[in-house]
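First the structure, then my questions, so here it is.
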Amino acid sequence: MRYFDVTIEDLSNFFSDVKVTKAINDNIGVTVGMFSATQNTKIGWQWSSAISEVAGDGKARLGIFEGFSEGGAYSYGQPVWGNCCQRKYNTVHNVNSPYVGVDAEINEKLNFDGSIRFENVNVNGSINYGQLSNLDANGDLIGFDYDSDGEISDFESTIPTIAGNPGQAISDNYNFISYSAGLNYKINNGTAVFGRYSKGASVELQIEIITEQMVWEMFNLMKFLNSKLV
């Protein structure tokens, strides 16, 4: 059984939408505003592997086998997946979007509304990858003394740890334009029809900061899984 854990240090965010609406006349209104958002993402991914009984109601017991597992864990990582996926994210997303909208009553039965928004997205931070345990000057594994008993056991010889270097720098800035326009036609007091056309975009944090290294690791993982199915 593989266990996945996330350490959350900071997922705070802030959103604001400040706008001013002005009636030009009895039939036309204009709105001007600024949408702003900040998302902090400071999280870590950890994996481990254990032997567990298959049982329900929270009664599954860990399998403890002398010389093979410690406390039910047979690895402090994911050896089946090549210990690929330890991560530490530390990023900040900032979005600033000025916009303008118009509402107009064309006649007693037909109304129009439209808006346009300029989106500016800025991303800064870093990603630290996992490395396979500690290496000596010759590049050989020396393990990590997880339980601080002064010895490196077989289980501790390939502990994947998150590298302590600054990691890969993330710095990106991009823009796009969103817009929407719609018409509403009143047939009678109880019936109306409407139509709308719009175009927009969204920013998804985890997808956006996928890197070439992560794609390569997933490629190797797929090759490994396919080899087991042949």
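The values are calculated or read from the model by the stated rules, or taken from the named source; none is laboratory data. Bear in mind the structure is a predicted one, so any value in this text is a computation, not a measurement. So basically every Cβ, Gly included, is an ideal-geometry build from the backbone, and we count neighbours across all protein chains shown. Accessible surface is based on the protein model in full, side chains and every heavy atom, while ligands, DNA and RNA are left aside. Shrake-Rupley method; radii C 1.70, N 1.55, O 1.52, S 1.80 Å.
Identify the single condition in (1) in a strand (DSSP E or B); (2) modelled with pLDDT under 90 that residue 117 does not satisfy, given that it satisfies every other one.
If we test residue 117 against (1) in a strand (DSSP E or B); (2) modelled with pLDDT under 90, just (2) comes out false.
Kindly check whether there is at least one residue in region 58-76 that is modelled with pLDDT under 85, open to solvent by less than 50 Å² (accessible area, probe 1.4 Å) and of a type in the set (S, T, N, Q).
Scanning region 58-76, I find at least one residue that is modelled with pLDDT under 85, open to solvent by less than 50 Å² (accessible area, probe 1.4 Å) and of a type in the set (S, T, N, Q), so the answer is yes.
Next question. Starting from residues that are among the charged types (D, E, K, R), farther than 24 Å from residue 122 by Cα and surrounded by fewer than 15 Cβ atoms within 10 Å (Cβ to Cβ), keep the ones in region 152-198 and report whichever is modelled with the lowest pLDDT.
Result: 154.
Scan region 18-31 residue by residue and report those that are assigned to a strand (DSSP E or B) and open to solvent by less than 80 Å² (accessible area, probe 1.4 Å).
Selection gives 23, 28, 29, 30, 31.
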